[in-house]
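Structure first, then comments.
The values are calculated or read from the model by the stated rules, or taken from the named source; none is laboratory data. These figures come from a predicted structure and were not determined experimentally. Here the Cβ is made from the backbone with ideal geometry for all residues, glycine too, and neighbour counts use every protein chain on show.
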Amino acid sequence: MNSPLPNQSTAQLPNPVPRPEGELERLEDVWRTPRGWRFLSSVNNTSIGLLYIGTTLLFFVLAGILGLLIRTQLAVPENTFLSAGTYNQVFTMHGTVMMFLFAIPVVEALAVYLLPNMLGARDLPFPRLSAYAYWAYAIGGLAFFCTLFVGLAPDGGWFMYPPLTGTKYSPGLNADFWLLGIGFIEISAIAGAIELIIGILFTRAPGMTLGRMPVYAWAMLVVAVMIVFAFPAVIAGTALLELERAFDWPFFIPERGGDPLLWQHLFWFFGHPEVYIIFLPAAGMVSTMIPTIAGTSLVGRRAVIAALVGVGVFSFGLWAHHMFTAGLGVLEMSFVSAASMAVAVPTAIQVFAWICTLWKGKVQRGAPTLFLLGFMFIFVLGGLTGVMVAVIPFDWQVHDTYFIVAHFHYVLIGGMVFPVFAAMYYWIPLINGNRLSEQWAKWVFWLMFGGFNVAFFPMHITGLLGMPRRVYTYAPDLGWNGLNMLSTVGAFAFAAGVVLFAFDVVRTLKRRTQPVGNPWNASTLEWLTSEDYGNRSIPRVVSPNPLWDQPTLSRDVDQGAYYLPQTATGHRETIATSPVGAEPRYLLVLPGDSWLPLIAAAGTAGFFLLLTMKLNLLATLCGIMAVVGTIAWLWESDRGVPETSVDAGGGIVLPVGARGTASHSWWATIIMLVVDASIFASFAFAYLHVSMRLQVCPPPGSALPPVELAWLSAGLLVAGSALVWLATHALGRRRLPWLALAALACALASFGVDLHGLRAADLAPSESAWAAAVAALASYQGLHIVLLAIMALYLALRGWRGHLTARSRATLDNIALVWHYTTLQGMAWMSAVRLVPLLME
Amino acid sequence: MSVNMNKNMSKNMSRASEHFFRRLLGAILPLLVWLLHFAFCYGLAAAQCTPAAMREGGPDRTLMGIATVVALALLAWLVWRARGVLAHPGRAGLWQWASFLFAALSLVAVSWNSVPILLVPGCA
């Protein structure tokens, strides 16, 4: 698959130059980013990417300030700077904001900004979804942070273990803010992941096969797939804990058959892959920067890509190493311990590849190099202590001590913050052509590198001396005083480095715009000249290092000699290519700027946050705003354009848009349904987990509905799906909307039968965790029925208004997918609740 | 024109679907073997130490041993099948490299992961 194509720069180029007059102006008009306050309606990946990166850095600074408050409190023994209660909120918010509002979003934000250009696309395939994900995160995140100022911030630690976070020990709203706030921000992260998977697989420049795709894009592909499978666990977990808090469904209360360990399983099934979700993008950036600074191609490039995938898969077997002191069986723990060591192998492949590349090449001195070397030093140390804590008896000694605090800061700051700083030094010239100061960079680096090690290395010793994490103060005679003071001094030095960096960024961004050029002599496409519309024309790539191996590429692309140098339909557009060989498939027409994603996001954030505060009326209004905003946004999409095909140049005539399995939106729906199925699987796991704790299932006093009702409900679901299938074959017919409404009637009747059955069986979710788990599965099905109701009405309306045609049928196809999924899920939940008791007999 | 275009496109798609999933599955098969082996062993150990399915004498290590032998045999075969990469490392493509490395990594991981089956009896 890697056989090189003929070099286009020496052969005939796809389009003649010079380009016709007015072509560039039309392209600019279509893609022009609005100025002033209208900028906020922009959905272009460059605008959203920059806003996104800026917001994540704001949260990095805010959470960093919280870190400094922690260090100030701990600088001396018996300090009264912060009260115990405030300290609990501060350390919880420090961890939560760093992980959920900085680390995950920043990797997605950098990808939103960098990837389209790196892949040679004009934009990501769903720009309004990116905008929605960003605004939901920004508005929700800022409101969430403000809870700190009114004493309502969560205070149960960033992993929110029950029973501490149950209503008994956390009766206030604090925990609810975490559960609802973070829960919906994760939905925004999933939206970003779907966008990235489709973008990476379907919008690469022609010729950019998977083998030639930049390693960073590979890393983001792996990470996005990991998000799809890992995040559902914590979404389900937060839903269960919130249900327990709001309705007294005792999932985590042992007296009523619940189990606090269920939370730990769900949380860490997300939480451990999440460490790699943060690290792999950084590793991908490192694998992109190191060849540039060494001036040579990446050693073992294919092995590095394979290692990324290997780490991604192995990382799903590590969750329980956070639970070594929770009382799991020794054999289970040993499996997880072994897997925790095994993951070091593919990680080491990458580290050795980086070292070999530096060795092989001639290293440019400069700020990115400094931060990359700092990254390697710190991350390797963090990795080594990681192997230490993978050893169960050692973990028993250091669990919940400052040794662990030291370990994960070495991994996270070393493995992610240093590479992100290297990345900012490396890629900031893309914004206005100016590089950050090399002189200042030395100060920034040594303050951060020195400060980091002074702050966190002593914590290994403090931990071994027995200092537990999360204590707000300590007695003066424990031998921890000097080490704690040293850590505090280091933390402030690190912060000084960050402040200096921030000044330099502001200074640099204020400078006059310069031509960007290729300041590091990099090999990847993001260094082609780029405007609002991306590149002037979409290149054909013949090697993994196109700017090195195709010397005239930059000039030819700028002149418009490659594909699609125009707007062919008068709309924003990019070329959709095949997932493996990146051959052009169709013209993907993109939506333009709009306020609707912002309105929908504000409504969503308002709904969740106001609901937490029990301001139900306002929350309902916000919910309506979100639904109306989303429907208005979708109403404009999936409309055909007059052109049926366009000439992209070089004899490539592309159809406009695609249908069914060829369409990017169909694949996005499939991925969304995989997320959905994973959330469902997490609820099913919760049911299995609480059932396995029983001697008799169902527990005494509980029963399942009669089996006849389950058959009836399943039959109705299948009938609904059959009607929807008929609807997909009735395009352009008057009966289509009625088929959709008839299908809805079947789905509603099916759920009515479910509810009747549960009532007949007298299921009381607050009586036992088992009953609550059954009710959770039923509720999740109910949520889907509500969704189907909205979709069926929407579909009928589109049908009546003539917006369902052969060339705009994505809405119909995608709703059909969701419908069939709901049918399968309905049958799955009914089977699961019946099979487990049978097996236990 | 549009109908023809769509027909052609569908044809192109099926050809240009490039056997994506088949190739993907072929390459990541070793990792899936690791995943299934891990899930089976962990799940069995967890289940047989809970009230619902408690097994006297601890988890069934014979069953885990059989699963391990099967997994290791499959992985050894996958390594063998992908060994061509070593003969011509420069010429092998990404998929071939991935198949070989995934098989080798998974073989190491399953072997290492199975050591506890030999060492740890009981549920405690």
Enumeration of residues in the stretch A:781-800 that are closer than 24 Å to residue A:588 by Cα and either surrounded by fewer than 16 Cβ atoms within 10 Å (Cβ to Cβ) or among the polar types (S, T, N, Q) (or both)
none
For the stretch A:710-763, which positions are over 25 Å from residue A:805 (Cβ atoms) and either of a type in the set (Phe, Trp, Tyr) or free of Cβ contacts under 8 Å to residues at least 40 places away in the same chain (or both)?
A:711, A:715, A:716, A:719, A:745, A:746, A:749, A:751, A:752, A:755, A:759
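A quick yes/no check of all residues on (1) within 22 Å of residue A:192 (Cβ to Cβ); (2) of a type in the set (Val, Ile, Thr):
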position: A:41; (1), (2): yes, no
position: A:48; (1), (2): yes, yes
position: A:53; (1), (2): yes, yes
position: A:65; (1), (2): no, yes
position: A:82; (1), (2): no, no
position: A:90; (1), (2): no, yes
Taking the stretch A:303-322 only, how many residues are surrounded by fewer than 23 Cβ atoms within 10 Å (Cβ to Cβ) and within 19 Å of residue A:213 (Cα to Cα)?
1
When you go through A:508, A:529, A:513 one by one, which is the residue that is surrounded by fewer than 17 Cβ atoms within 10 Å (Cβ to Cβ), within 30 Å of the chain's Cα centre (by Cα) and farther than 29 Å from residue A:658 by Cα?
A:529
Reported set for the stretch A:25-42 where residues are in contact with a Pro (Cβ under 7 Å, 6 or more places away or on another chain) and either exposed (fewer than 11 other Cβ atoms within 10 Å of the Cβ) or assigned to a helix (DSSP H, G or I) (or both) is A:41
From the options A:674, A:627, residue that is of a type outside the set (S, T, N, Q), under 24 Å from residue A:813 (Cα atoms) and within 14 Å of chain B (Cβ to nearest Cβ):
A:674
Among the candidates A:326, A:344, A:353, single out the residue that is without any contact (Cβ under 8 Å) to a residue 60 or more places away in the chain and touching a helix residue (DSSP H, G or I) at 6+ places or on another chain (Cβ under 8 Å).
A:344
Counted residues, the stretch A:275-307 - those being more than 24 Å from the chain's Cα centre (by Cα) and either closer than 22 Å to residue A:367 by Cβ or not in a helix (DSSP H, G or I) (or both)
11
How many residues are among the aliphatic types (A, V, I, L, M), farther than 23 Å from residue A:58 by Cβ and part of a loop (DSSP other than H, G, I, E, B) when one looks only at the stretch A:110-138?
1
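To keep it simple, each residue is scored yes or no on (1) surrounded by fewer than 16 Cβ atoms within 10 Å (Cβ to Cβ); (2) in the same structural domain as residue A:86 (by TED's automatic domain parsing); (3) in contact with a Pro (Cβ under 9 Å, 6 or more places away or on another chain).
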site	(1), (2), (3)
A:414	no, yes, no
A:434	no, yes, no
A:466	yes, yes, no
A:479	yes, no, no
A:486	no, no, yes
A:491	no, no, no
State yes or no: is residue A:49 under 24 Å from the mean Cα position of the chain (by Cα), part of a helix (DSSP H, G or I) and surrounded by fewer than 22 Cβ atoms within 10 Å (Cβ to Cβ)?
no
Matching residues, the stretch A:321-339, being touching a Phe, Trp or Tyr at 6+ places or on another chain (Cβ under 7 Å) and more than 7 Å from chain B (Cβ to nearest Cβ):
A:322, A:323, A:324, A:325, A:333
Among the numbered criteria (1) farther than 17 Å from residue A:345 by Cα; (2) facing another protein chain (nearest Cβ under 10 Å), which single criterion is violated by residue B:106?
(1)
Restricting to helices (runs of 4 or more DSSP H) lying wholly in the stretch B:13-98: which have 2 or more residues that are facing another protein chain (nearest Cβ under 7 Å) and touching a helix residue (DSSP H, G or I) at 6+ places or on another chain (Cβ under 6 Å)?
B:20-47
Taking only the stretch A:59-84 into account, find how many residues are under 30 Å from residue A:129 (Cβ atoms) and in contact with a Gly (Cβ under 9 Å, 6 or more places away or on another chain).
2
Testing residue A:78 on (1) assigned to a helix (DSSP H, G or I); (2) on the phi > 0 side of the Ramachandran plot, one condition comes back false. Which one is that?
(1)
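Matching residues to (1) within 14 Å of chain B (Cβ to nearest Cβ); (2) closer than 30 Å to residue A:525 by Cα; (3) in contact with an Asp or Glu (Cβ under 9 Å, 6 or more places away or on another chain):
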{"residue": "A:567", "(1), (2), (3)": "no, yes, yes"}
{"residue": "A:580", "(1), (2), (3)": "yes, yes, yes"}
{"residue": "A:613", "(1), (2), (3)": "no, no, yes"}
{"residue": "A:616", "(1), (2), (3)": "no, no, no"}
{"residue": "A:619", "(1), (2), (3)": "no, no, no"}
{"residue": "A:631", "(1), (2), (3)": "no, no, no"}
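State whether one or more residues within the stretch A:460-467 are on the phi > 0 side of the Ramachandran plot and at pLDDT below 95.
No, that holds for no residue.
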Look through A:704, A:744, A:694 and report the one residue that is buried (at least 21 other Cβ atoms within 10 Å of the Cβ), within 29 Å of residue B:53 (Cα to Cα) and either away from chain B (no Cβ under 14 Å) or modelled with pLDDT under 95 (or both).
A:694
Hits in the stretch A:549-586 - residues which are β-branched (Val, Ile, Thr) and either farther than 25 Å from residue A:43 by Cβ or touching a residue at least 40 places away in the same chain (Cβ under 8 Å) (or both)
A:552, A:567, A:569, A:574, A:575, A:577, A:580
Where residues in the stretch A:161-203 are β-branched (Val, Ile, Thr) and in a helix (DSSP H, G or I), which of them is surrounded by the fewest Cβ atoms within 10 Å (Cβ to Cβ)?
A:187
Scanning for something in contact with a His (Cβ under 7 Å, 6 or more places away or on another chain) and at pLDDT below 95, does the stretch A:408-416 turn up at least one residue?
no
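For the subset of the stretch A:380-396 comprising residues that are in a helix (DSSP H, G or I) and touching a residue at least 40 places away in the same chain (Cβ under 8 Å), which member is nearest to residue A:453 (Cα to Cα)?
Looking at the filtered set, the residue picked out is A:385.
Output the number of residues of the stretch A:308-342 satisfying the condition of being among the hydrophobic types (A, V, I, L, M, F, W, C) and part of a loop (DSSP other than H, G, I, E, B).
Filtering the stretch A:308-342 for residues among the hydrophobic types (A, V, I, L, M, F, W, C) gives A:308-309, A:311, A:313-314, A:316, A:318-320, A:323-324, A:326, A:328, A:330-331, A:333, A:335-336, A:338-339, A:341-342.
Adding the requirement that they be part of a loop (DSSP other than H, G, I, E, B) leaves A:318, A:323-324, A:326, A:328.
Number satisfying all stated conditions: 5.
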Testing residue A:345 on (1) assigned to a helix (DSSP H, G or I); (2) modelled with pLDDT under 95; (3) surrounded by fewer than 24 Cβ atoms within 10 Å (Cβ to Cβ); (4) more than 10 Å from chain B (Cβ to nearest Cβ), one condition comes back false. Which one is that?
(4)
Can you name every residue in the stretch B:109-123 that is in contact (Cβ under 8 Å) with a residue 12 or more places away in the chain and either farther than 20 Å from residue A:331 by Cα or facing chain A (nearest Cβ under 7 Å) (or both)?
B:109, B:113, B:123
